[in-house]
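The structure appears below as structure tokens.
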Amino acid sequence: MDFQGFEIARRGYDRAQVDAFLAGPAEGTSPAAPPVFDIVRRGYDRAQVDARVAQLLNGETRR
């Protein structure tokens, strides 16, 4: 499953790892800790992913 909205960067976060992490909240599970993603060629833009992860983590703490 690819999440739309992230640009592909020359060096970015591993797309499969990001997709797997983001699938958790979509399925109703909350993240236990901030994720650590490998940096690879043609990965997702790091700033965009970091912003989305921060939104998810902040949303979980407000519940």
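Nothing in this text is a laboratory measurement; each read-out follows from the coordinates by a stated rule. Quick caveat, the model's predicted, so the values are computed rather than measured. Note: ideal-geometry Cβ built from the backbone for every residue, glycine included; neighbour counts use all protein chains shown.
A few notes on this one:
- Each peptide in 12-20, 48-56 receives the mean, over its residues, of other Cβ atoms within 10 Å, and ordering these scores from highest gives 12-20, 48-56.
- Mean Cβ count within 10 Å, highest first, over the residues of peptides 5-11, 39-45: 39-45, 5-11
- In order along region 8-14, the Karplus-derived 3J(HN,Hα) couplings, from 6.51 cos²θ - 1.76 cosθ + 1.60 at θ = phi - 60°, round to 8, 9, 4, 10, x, 6, 3 Hz, and Gly and Pro are given as x.
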